[in-house]
Structure formats: structure tokens, C-alpha cells
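Notes follow the structure.
The values are calculated or read from the model by the stated rules, or taken from the named source; none is laboratory data. Just so it is clear, the model here is predicted, and its values are computed rather than measured. Cβ placement follows ideal geometry from the backbone for every residue including glycine, while neighbour counts extend to all protein chains displayed. The protein model used for the area step is the full one, side chains on, heavy atoms only, and it has no ligands, DNA or RNA in it. Shrake-Rupley method; radii C 1.70, N 1.55, O 1.52, S 1.80 Å.
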Amino acid sequence: AIHSDELGRAEIDYSKCVSCGQCITVCPTGALTEKDDTAKVWAALRDPSKHVVVQPAPSVRATLGECFGMPIGTNVEGKMVAALRRLGFDGVFDTDTAADFTIMEEATEFVQRVKNGGTLPLITSCSPGWVKFCETYYPDMIPNLSSCKSPQQMFGALTKTYYAEKMGLDPHDIVCVSVMPCTAKKGEAKREEFTHNGKPDVDAVLTTIELINMIKESGIDFANLEDEAVDMPFGITTGSGVIFGATGGVAEAVARCCCPDKTKNAAMAIEYSGLRGVEGVRVASMLVGERTIRLAVCNGLLNAQKLIDEIETGREYFDLIEVMTCRAGCVGGAGQPHGLTKDKYDRAAGLYNADKTALIKRSEQNPVIETLLRDIGEREHELLHVHYKGREF
């Protein structure tokens, strides 16, 4: 969406821009940067009338340490939680829990579409750059998008309702901050679909880079912090939630949930099915009941475009497609540290290592899910789902 005018100056064509932010990662002069929300967050943290909570995305724990002298892919979740508390957040939670909700809702939606003859392929909708790309260039594919909100937006909606009720807080006094690998998440949080009574569910979005700057600005000795655990009730997570940040992670997590065989051998078969990898497009098959399901995973919008074109012309067919806007997935997002690694897949290795050591592997085993779904009752669809519409830019 960037082109040059007659004088050779770069210009953004907003009618084509999908706000993915990848231009930031490749700008040779550093002239392009994200919209900085740190001042807004500092102001909220200093306001005694506000209850400020924060939710870091799965991939952030595998990239934050790069700027503090740690090897690429190091899982610094415990230090990250400790740093966020020292910055002054009243509640430090984990978007991984919301990722488990997304997986559960998406798996349910997928199975229902398969059984009831619904629109297929079901295409994931957790990457806002991809959603906007689909709205702009492939509006006829909008019915294929999953109705599930992204983990960021599920968390925001639950914070301003379920959490507020449990804590006895006025939702207007809660400031929900997310730490995301993706600049497009800033735009997602501002969408009208993710507001209630005129107020956004997520009030501010920090990129990984912005959080790093806040930590450094505060003089926190990050490398020497003792590990701390996240707060409840959004503190229990699974391996499925953490791999959300790598390309193929969402599809693998949904496959774990949908597959009726829950044995260790079945889990290993899913792991080695071809969903993981570095290729721009990957294809795998798995048996769900008596039906063989075809899955596709793609990262990068050019690859997504090629894949959708193959589907629309009838040359390919899939039941489930995962699309991530950024190369390598969220670990390669435009809000991540730039220029420190030649291979963004090294970061993904940190997420898969976290999955290996996770006590709970599958989202449906997360005890928070059952409790919360029971408590929100009939509000489940309102809080956890959204319906996109075609739009003109």
C-alpha cells in the first residue's frame, strides 16, 4: 500500500492499506514507526482512580528478552510479569487464557459448520491485518471468517464485564491495556465492533518495543528480576494457548481440541502433520470422526492471496485455514524488536519449548474455561463473537 509519487517520495495509499505495519519493519531509514501509546498508559498508571490491568500476548514472552541480552527465543514470562507489576499495573494477566477461549469457541464453530453444512473453509480471524485484507480485497470470503473475536478482544470484553463483576469494580474505572507483537492490534482495538456503550473493550495497545522502552525508562533491571506468576482468574494457561504466537499454532491448537483421540500418540501425530514449519503455505490432513479434514496454514499476505485465489478458482479445497499476516506469525510482528534476529523462527522455538513444559496441553482442559463459560451464560456469544462486514476504504 506504499508507492512513490512523481518526485520519488513514499506515499501511503489508504484505500489499499490494511494497517499490518510490516512497512515499519523494512523501512531503511526508520522514518516509519508505530503510534506510541506509552504516554496514555503512563497517565492511566498514575491515576489513582483507575484500575489498570494488562494482558501480554503469547509471543511477547519469547521476544522481550532479546533487548536485555538474552538469547533469541528465551521464555521470559516470569520476569515480564515481575516487570509489569513494578510498572504499576493493578492486575497482570495472560492473553494465553483468552487464546484458550478463542480455540474452544473456534473449534466448536468449526465442528458445527462441518456437521451442519456450514460455510467452509472456516478461516481464522485472530490476525487483524488479515481480517482487514479480507474485507478490502476478498469481501465475498467474509462469511468464511470465524466469528470468534481475537484473544485480545475476548480478554477486553471479559475484563469489562466478568472481571469487573467479580472484583466489584465499575467498568468505567477499568483501563485494559494489552501488550501485542502487532501494530495492527492498535487499529483492531479501535473498531466499533469492539466497543460497548461507546467505550472500547481494550483501552490501549502497547507493542513489545513500547513495553521494552517503558521498562528501560523505569530503570528496571530486567535480567535480574525474580520470576513471578500472573494473577487470577486469567492466570491458568495451556500449551495450546502459548503456541498461538507461531505460524501454525492456531491450527494445531484447534486440531488438538477437535481430534477425538486425546492420546499422546495422537498429539504427536498432529505435531508432525506438517502444520509446523517455515514455508509460506503448509498443508496437512487429519481424521475427525469418520471424516478426513484438510487444513492449510499460511503466513504473509502474499501467500494468503495466492491461497485464496486457488480456492476461488476451484483448484484447491480446504476445511480449515489459518492465516497470519506476518511472516513466521506473531513472533514476526511489526511491534517486535527489529534487526536483532535473521531468523524469526528462532523465536517460535521458544513458544514450542514452553508448550513442551506446559502442565496442560489442550485448551478444553483449562479449568478457567468451564467456570467462566458457566458464569457468563447467555452472554457468551455477545462477549466472545463478532460478525464482520465488507467495507470500502
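Among the candidates ALA334, ALA304, single out the residue that is modelled with pLDDT under 90, open to solvent by less than 60 Å² (accessible area, probe 1.4 Å), farther than 13 Å from GLY248 by Cβ and under 21 Å from the mean Cα position of the chain (by Cα).
Working: ALA304 fails: modelled with pLDDT under 90.
None of the others qualify; the one that does is ALA334.
Test SER125 against the criterion of being touching a strand residue (DSSP E or B) at 6+ places or on another chain (Cβ under 7 Å) and either without any contact (Cβ under 8 Å) to a residue 12 or more places away in the chain or hydroxyl-bearing (Ser, Thr, Tyr) (or both), and give yes or no.
Numbers: touching a strand residue (DSSP E or B) at 6+ places or on another chain (Cβ under 7 Å): yes; either without any contact (Cβ under 8 Å) to a residue 12 or more places away in the chain or hydroxyl-bearing (Ser, Thr, Tyr) (or both): yes.
For SER125, the condition - touching a strand residue (DSSP E or B) at 6+ places or on another chain (Cβ under 7 Å) and either without any contact (Cβ under 8 Å) to a residue 12 or more places away in the chain or hydroxyl-bearing (Ser, Thr, Tyr) (or both) - is met.
Here are some conditions: (1) surrounded by fewer than 24 Cβ atoms within 10 Å (Cβ to Cβ); (2) at pLDDT below 90; (3) over 16 Å from GLY248 (Cβ atoms). ILE376 meets all but one. Which one does it not meet?
Here ILE376 meets the rest and fails (2).
With respect to THR33, determine if the residue is hydroxyl-bearing (Ser, Thr, Tyr) and without any contact (Cβ under 8 Å) to a residue 40 or more places away in the chain.
Yes, satisfied.
List the residue pairs whose Cβ atoms are under 7 Å apart, where the first residue sits in the range 301-314 and is closer than 19 Å to ALA184 by Cβ, the second is of a type in the set (A, V, I, L, M, F, W, C) and part of a loop (DSSP other than H, G, I, E, B), and the two are 6 or more positions apart or on different chains.
LEU301/CYS20
Quick test for you: out of GLY339, GLY289, pick the one residue that is at positive phi, modelled with pLDDT under 90 and open to solvent by 60 Å² or more (accessible area, probe 1.4 Å).
It is GLY339.
Which residues, counting only those in the range 139-156, are under 15 Å from the mean Cα position of the chain (by Cα) and not polar (S, T, N, Q)?
CYS148, LYS149, PRO151, MET154, PHE155, GLY156
For the subset of the range 157-172 comprising residues that are free of Cβ contacts under 8 Å to residues at least 60 places away in the same chain and part of a helix (DSSP H, G or I), which member is nearest to SER19 (Cα to Cα)? Can you show your working first?
Of the residues in the range 157-172, the ones free of Cβ contacts under 8 Å to residues at least 60 places away in the same chain are 160, 164-165, 168, 170-172.
Filter again for part of a helix (DSSP H, G or I), leaving 160, 164-165, 171-172.
Working: LYS160: 26, ALA164: 31, GLU165: 34, PRO171: 29, HIS172: 28 Å.
Taking the candidates together, the pick is LYS160.
Could you say which residue among SER49, SER59 is over 17 Å from the mean Cα position of the chain (by Cα) and either polar (S, T, N, Q) or not in a helix (DSSP H, G or I) (or both)?
SER49
What pairs come up if the first residue lies in the range 132-150 and is within 14 Å of GLY118 (Cβ to Cβ) and at pLDDT 95 or above, the second is assigned to a strand (DSSP E or B) and open to solvent by less than 20 Å² (accessible area, probe 1.4 Å), and their beta carbons are under 6 Å apart, counting only those six or more places apart or on different chains?
Partner pairs satisfying both residue conditions: ASN144/ILE123; LEU145/ILE123; SER146/LEU122.
Quick one: which of GLY69, GLY88, GLY73 is more than 19 Å from the chain's Cα centre (by Cα), farther than 21 Å from PHE155 by Cα and not charged (D, E, K, R)?
After ruling out the rest, the residue left standing is GLY69.
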